[in-house]
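The values are calculated or read from the model by the stated rules, or taken from the named source; none is laboratory data. Because the structure is predicted, anything quoted here is derived from the model rather than measured. All Cβ positions, even for glycine, are placed from backbone atoms using ideal geometry, and neighbour counts span all protein chains on display.
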């Protein structure tokens with residue numbers, strides 16, 4: 001029977017790569033901690049000198065601005081925390097509606113790409129390849145400029161279902 005040799009004991013000296021790695025990591029963590037401490041104290045000192053207060057105390061102050069469209073009633077006398085709540089509710093509303101309609105649109109276009117109809121398959125493939133290759137920011141800017149130049153101003157809004165005079 002072969003005897004099992006005991007595992008080699010590590011030599012913790014500068015010649016050991018494992019030892020140097022641990023020391024370098026400790027030095028790096030120490031430098032990062034010192035840099036974070038220095039930035040925080042420097043920032044707080046500069047804010048104290050300039051009379052700038054930090055914290056969340058501003059949330060109870062009146063916002064001083066109106067939000068045009070919201071589920072929750074809001075006016076300029078309401079506090080900032082309510083403005084954040086209104087903004088969150090507006091964001092969730094738009095996101096949920098957008099997710100719903102884009103899921104339907106994506107499903108229809110995906111089915112259209114599998115169609116045996118040459119024209120439908122070609123249009124859906126063309127749409128996917130065109131939209132996929134244009135960055136989202138460019139698409140947003142394009143739709144913004146198209147909609148703001150094509151649609152009338154708010155004072156002259158289009159009314160559907162009534163005779164325009």
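Summary of values
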{"read-out": "Residue match in region 69-85 (condition: in contact (Cβ under 8 Å) with a residue 24 or more places away in the chain and surrounded by 12 or more Cβ atoms within 10 Å (Cβ to Cβ))", "value": "yes"}
{"read-out": "Conditions (1) surrounded by 10 or more Cβ atoms within 10 Å (Cβ to Cβ); (2) assigned to a helix (DSSP H, G or I); number of the one not met by residue 49", "value": "(1)"}
{"read-out": "Residue match in region 116-131 (condition: in a helix (DSSP H, G or I) and under 20 Å from the mean Cα position of the chain (by Cα))", "value": "no"}
{"read-out": "Region 90-110 residues that are at pLDDT 95 or above, paired with ones that are assigned to a helix (DSSP H, G or I) (beta carbon under 7 Å, 6 or more apart)", "value": "109/124; 109/127; 109/128"}
